[in-house]
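Structure, as structure tokens:
The values are calculated or read from the model by the stated rules, or taken from the named source; none is laboratory data. Because the structure is a prediction, the values reported are computed rather than measured. Using ideal geometry, Cβ is built from the backbone for each residue, glycine included, and neighbour counts are taken over all protein chains shown.
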Amino acid sequence: MAIFGHLKCASVLCLALTVMLVLGIFSLMTAVALPNVNISPVLLTRVASIVLLYAAALSFNALDIQAIGSGVGIYSGLFQVSSVSQSVDTFIFLVGAMILLPWAPVTNTVMAGARSVFSAVPTIAEYPLMILFTTCGATFLVSSADLVSIYLSIELQSFAVYILATLYRDSESATSAGLKYFLLGGLSSALILLGSVLVYAYTGLTNLESIFALLSVGGVENLTTGLGPCIIGLTILVVGFLFKVSAAPFHNWSPDVYDGVPTIVTTWLAIMPKISIFVLLLELQSGFGFTGASLSLLVNGVPFDVWKNLLLISSLLSLIIGTVVGLAQYRIKRLFAYSTISHVGFLLLALAVNSEESIESFLFYIVQYSITNLNAFLILLAFGYMLYSSVGRKDGYGTDVQFISDIAGQFRANPLLGLALTLCLFSMAGVPPLIGFFGKQMVLYSATHSGYYFLSFVAIIVSVISASYYLKIVRVIHFDTGNVEDNASTLSQEIKLSNVHSFTIATLTMAITLFVFKPSIILNSTSLLALTLFHY
Amino acid sequence: MNAITILFIFVPVLTVILLMTNVLLAAHRPDTEKVTAYECGFSPIYGQTRAPFSIQYYLVGILFLIFDLEILLLYPIAVTLYNVSIYGFWIAIIFFTVLTLGFVYELGKGALYFTDQRSAINRTTIAQDES
């Protein structure tokens, strides 16, 4: 009977999490809509941030349940809660709460600028609402265990992100980027749907566990008969997911979209959907492993692992394209988009290797990638506020930093911010004492252990090449002489960064830098999570 | 000859008869408004596609369409309410609560004002606070 108690406890806790989010959404929606309720958008954003923190605490609580180790099915098997999904939920909520913090301080000059330009401060009441919607989708996605629930949660996540992308609807670039994102996101959703339909049509199953059990029966020799179409369907499904995380052959939308939307939204776009979809891929893979199934075909009697090869090819292309094309960029957010693609290559490599070590490195890489990228974007936002909040850009980009040359010589004007961005970039490039180095090292170590020498070699070379474009930004910040002198904004006494914003940047920078002294917190949790996937 | 066969024969015959009656007996006095293609809401566009049109119309249209579709979900619950019992009833109530909240939102944002200055289209993105 104790086990039933535990199960009930687990479902109640997960329900509490959902109720927290949904109530947050409802109350914010009412508050935004009612004309007589006069709450400033900044306050709403803080409320949303607190909602996310509470949800993080709730999902962290659920980890204490014993039964959760092997996974508990809730909502009649549509969702499966496991320790991995709960920990990733916690992480998603924490990162989401941090993304909500960077606001320009609302001063009179800033508000005047906001009315004349269009988006000096994101004083849009819908912003926290959309954030809650997409977080809701993301957390559902990491724990979904059914084709139907996967599709519904991925749509919930994506629709809110499309709206986020076009949040500044007066901005031409944001609107066109949002439209592009919507169309290509719709295409990838269509692929996911097509894959699900093929699987359902040829097996009559939507529950992932049943599908895996059916696939574990044996090798498929023919693509058109038996379980063959099911394999095609699952492959198309994975291609749809790779589309959404902008892995290489399907990456073309991401630089345009990242560049077009306002930086505060790019932060969200570059981090959150990637975490949830990657963890979903991980859970699909471990589901295959758990039932002994594999997505493989028998070609002339030799088994050919479709899943692994798909991920490996995508990883190789991501690594190369993300690095080589990134060399030619002079717009800073496009450059970050390409750097993201190359990080996706590393993540896919770690995922495809699929040993205990590599899954550990995969989880760790997700954590370090999110922290580092979050910090980099927060610093970009901070630079934007410092430079443009009182003068405003002439070219209609609000307060966003657009070109690498915009932050030229900022090390002299704002030494601490410059230093923090430098640390972030070094961490992304993989310079030893920083957190990014350990991520790359663990991935490469596990890959060479399992005999993936070629891809490890490519990854090493590619990360050397990518260091050159990170170093280019570092050079521009430190040694180029920018237009610092004639910029009156640096001299005025007005506050340009809010306390919370600078506090977040400081904390994240410290976490990146000092990880080497206390690595056990993150490393222990990732290795435990990797072990639960293999040994339950 | 069963019912479905009769249906398959009867429906085309009736359709043809009605159409023929229309062509043969109806008065036929065409003018420009009558022979142009019908597009609801505004006059159809020839050649140039840069003619201005009302975004409010589309906004209201899309919102109407969504709510119309959602109301469609009321039909299955109406015929199966005895089967799904109290559980299904409360699920439906929750669903309609969410729907109502959505309606409150669109009403509050002024998306339904068609030509008014209060319409959501005319509002600037930045909230004008009074302080």
Boolean, A:Ala48 is within 28 Å of A:Glu283 (Cα to Cα), modelled with pLDDT of 75 or more and more than 10 Å from chain B (Cβ to nearest Cβ): no
Filter result for A:Ser40 (at pLDDT 70 or above, out of contact with any His (no Cβ under 6 Å at 6 or more places or on another chain) and within 14 Å of chain B (Cβ to nearest Cβ)): yes
Can you find even one residue in the stretch A:507-528 that is part of a loop (DSSP other than H, G, I, E, B) and either at pLDDT below 90 or surrounded by 19 or more Cβ atoms within 10 Å (Cβ to Cβ) (or both)? yes
Do you know which residues across the stretch A:242-268 are surrounded by 22 or more Cβ atoms within 10 Å (Cβ to Cβ), in a helix (DSSP H, G or I) and out of contact with any Ser or Thr (no Cβ under 7 Å at 6 or more places or on another chain)? A:Phe250, A:Pro255, A:Val257, A:Thr263, A:Ile264, A:Val265, A:Thr266, A:Thr267, A:Trp268
Pick out the one residue from A:Ile192, A:Ile154 that is in contact with a strand residue (DSSP E or B) (Cβ under 9 Å, 6 or more places away or on another chain) and part of a helix (DSSP H, G or I). A:Ile154
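Every residue, every condition in (1) more than 12 Å from chain A (Cβ to nearest Cβ); (2) in a helix (DSSP H, G or I); (3) over 26 Å from A:Ile25 (Cα atoms); (4) at pLDDT 85 or above, yes or no:
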position: B:Leu69; (1), (2), (3), (4): yes, yes, no, yes
position: B:Leu81; (1), (2), (3), (4): yes, yes, yes, yes
position: B:Val84; (1), (2), (3), (4): yes, yes, yes, yes
position: B:Ala92; (1), (2), (3), (4): yes, yes, no, yes
position: B:Phe96; (1), (2), (3), (4): yes, yes, no, yes
position: B:Glu106; (1), (2), (3), (4): no, yes, no, no
position: B:Asp116; (1), (2), (3), (4): yes, no, yes, no
Which residue out of A:Leu297, A:Leu317, A:Leu280, A:Leu311 is at pLDDT 90 or above and surrounded by fewer than 22 Cβ atoms within 10 Å (Cβ to Cβ)? A:Leu317
Residues of the stretch A:166-187 classified as within 14 Å of another protein chain (Cβ to nearest Cβ) and of a type in the set (Gly, Ala, Ser), total: 3
